[in-house]
Amino acid sequence: MNDTRPVILGYDALSPLGTELDGQWDRAEAGQSGVGPLTRFPLREGFPVRIAGQVAPIDIAPYPFLKPREMAHWTSPIFPHALLVVHRALERAGLSITPEIAPRVAVTFSSAIGGLDALIAADRALEGAGKLPPPFMNPNSCINMVGGKVSILTGATGPIASIITACATGSSSLIQGALFIAQGMADVAICGAVDFPLIEPIVAGFATMNGAYKPKEGADPAPPEAASCPFSLARRGFVVSEGAGCLVIASQAFAKAHGLSFSTELAGWAMTADAFHVVAPNPATVTRCMAESIRHAGITPAEIDAVNAHAASTKAGDQVEAGALRAVFGDKIPPVSANKSLMGHAMGATSAIESILTLEGMRRGVLLPTINHQPDPEIDLDCVAEGARTLDQEFVLKNAFGFGGCNACLVFRRVN
């Protein structure tokens, strides 16, 4: 094991698959979808999106730090969900942030969408009834405030940054945390992302830009659970979903000095910019991002055992990712798991949640299935379409690509 690579101490997630990590894994392993009818807001007649991946309500009662009176000010759901996954990830890590270590604990937990729901609600009230915004409207809508609240919750006083790279935000947060550790600015980093983008104008906007799922003209819509079908011939856009994921990483020296156990490390990473188009991916820079992350891990493509794909279920995006995999791995592409088939696309939080599912799979020796798969003749991949597969995984490549040409690729390694 390379002593300079950060190790993963603990993690936790909330997703359309559930609010408890083990339950989410069980549903994913069984190939059960978390996608269903969209109920976050009343649907107007003719509204173009009718399905979504929604997180079930959480009970804050068992968590004293989520005080109802205080949380009433934080109306955006990003805040309670972010604080909960951070709290549980630290518990899983067995790490208590004491005043002694707090200056060496970084926070890179972020969001792509942030608390825009609070801003939109206040704007509608101002426009419709002349009602001035509540005093917490601005803090709710500031994207960096989610990291600030994480810092307040945990007491972490090390470097803090809110890196935003659209759908790659969760992965970029991990990379930023790793860089703080590599530069000697921190020993621990609280990484991850949260997004709750099921907000009427945002969902409608994804539809009008031809990103969100819509049935083929003249055809009946697919059942909600079958609509997200990455790498499939029938793919018709992504299913908008919500969720949160936190990963706590640390230097190997810190983990050993504090008696903290770990079984995986972040062995390599890379980031590239497409410099190409606001939403269409650039095959060259997507390919380079994958290749550079593998090279940074000090291995060859042949040593990658599996890929956790970005695979949003869009026509162009899935095809570019498949072509980049072919360019990196040649005729020996490892099996590819596409988790969005199970839970939809939770924007910036997705790559954090998918990284957590990747790590669980490495720990358990299981590769999650890609459900709803109908082979596309132009995409020749082993998508684990038959169901969960037993597979020993030492190295796994995790891809994440965001609007604006933000690419982030990670390589995880199982170390014991």
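The values are calculated or read from the model by the stated rules, or taken from the named source; none is laboratory data. This one's a predicted model, so the numbers in the text were calculated from it and none came from an experiment. Using ideal geometry, Cβ is built from the backbone for each residue, glycine included, and neighbour counts are taken over all protein chains shown.
Tell me which residues, restricted to the range 212-245, are touching a Gly at 6+ places or on another chain (Cβ under 8 Å) and either under 10 Å from V49 (Cβ atoms) or in a strand (DSSP E or B) (or both).
Within the range 212-245, A212, Y213, K214, G237, F238, V239, V240, S241, G243, A244, G245 qualify.
Given the condition closer than 22 Å to C246 by Cβ and either in contact with a Pro (Cβ under 9 Å, 6 or more places away or on another chain) or of a type in the set (D, E) (or both), answer yes or no: does some residue in the range 121-137 qualify?
Scanning the range 121-137, I find no residue that is closer than 22 Å to C246 by Cβ and either in contact with a Pro (Cβ under 9 Å, 6 or more places away or on another chain) or of a type in the set (D, E) (or both), so the answer is no.
So if I check each of E242, E200, which one is under 21 Å from the mean Cα position of the chain (by Cα), under 21 Å from P16 (Cα atoms) and acidic (D, E)?
One residue alone meets the criteria, E242.
Which number in (1) small (G, A, S); (2) under 17 Å from the mean Cα position of the chain (by Cα); (3) surrounded by fewer than 23 Cβ atoms within 10 Å (Cβ to Cβ) marks the one condition that S313 misses?
(3)
Return only the number of the condition from (1) hydrophobic (A, V, I, L, M, F, W, C); (2) touching a residue at least 60 places away in the same chain (Cβ under 8 Å); (3) in a helix (DSSP H, G or I); (4) buried (at least 24 other Cβ atoms within 10 Å of the Cβ) that A112 does not satisfy.
(3)
Filter the range 70-94 for residues that are more than 19 Å from the chain's Cα centre (by Cα) and under 22 Å from I143 (Cα atoms); which is surrounded by the most Cβ atoms within 10 Å (Cβ to Cβ)?
W74
Tell me the residue from S228, S162, S232 that is touching a residue at least 40 places away in the same chain (Cβ under 8 Å) and more than 19 Å from N339 (Cα to Cα), please.
S162
Could you give me the residue pairs with C-beta distances under 6 Å whose first residue belongs to the range 273-290 and is modelled with pLDDT under 95, whose second residue is of a type outside the set (S, T, N, Q) wherever it lies, and which are 6+ apart or on separate chains?
F276/G405; V279/F403; A280/A316; P281/G317; P281/V320; P281/F401
With a cut-off of at least 3 residues that are within 22 Å of I190 (Cα to Cα) and without any contact (Cβ under 8 Å) to a residue 12 or more places away in the chain, name the strands (runs of 3 or more DSSP E) lying wholly within the range 1-99.
Those strands (runs of 3 or more DSSP E) do not exist here; none qualify.
In this structure, does G53 turn out to be out of contact with any Leu (no Cβ under 9 Å at 6 or more places or on another chain) and within 30 Å of K214 (Cβ to Cβ)?
no
Inspect the range 236-248 for any residue being in contact with an Asp or Glu (Cβ under 8 Å, 6 or more places away or on another chain), acidic (D, E) and either farther than 17 Å from C409 by Cβ or surrounded by 24 or more Cβ atoms within 10 Å (Cβ to Cβ) (or both) and give the result as yes or no.
Yes, the range 236-248 has at least one match.
Just name the residue that is farthest from A309 (Cα to Cα) out of those in the range 398-416 that are out of contact with any Ser or Thr (no Cβ under 7 Å at 6 or more places or on another chain) and surrounded by 24 or more Cβ atoms within 10 Å (Cβ to Cβ).
Step by step, filter the range 398-416, then rank; the result is F401.
Which ones in the range 316-335 are of a type in the set (D, E, K, R) and either touching a His at 6+ places or on another chain (Cβ under 8 Å) or buried (at least 23 other Cβ atoms within 10 Å of the Cβ) (or both)?
Of everything in the range 316-335, those that are of a type in the set (D, E, K, R) and either touching a His at 6+ places or on another chain (Cβ under 8 Å) or buried (at least 23 other Cβ atoms within 10 Å of the Cβ) (or both) turn out to be D318, E321.
Does at least one position in the range 254-261 carry a residue that is in contact with a Pro (Cβ under 8 Å, 6 or more places away or on another chain), within 25 Å of R92 (Cα to Cα) and touching a residue at least 60 places away in the same chain (Cβ under 8 Å)?
No; the residues of the range 254-261 include none that is in contact with a Pro (Cβ under 8 Å, 6 or more places away or on another chain), within 25 Å of R92 (Cα to Cα) and touching a residue at least 60 places away in the same chain (Cβ under 8 Å).
Hey, among the residues in the range 272-310 that are of a type outside the set (K, R) and farther than 27 Å from E378 by Cα, which one's surrounded by the fewest Cβ atoms within 10 Å (Cβ to Cβ)?
G298
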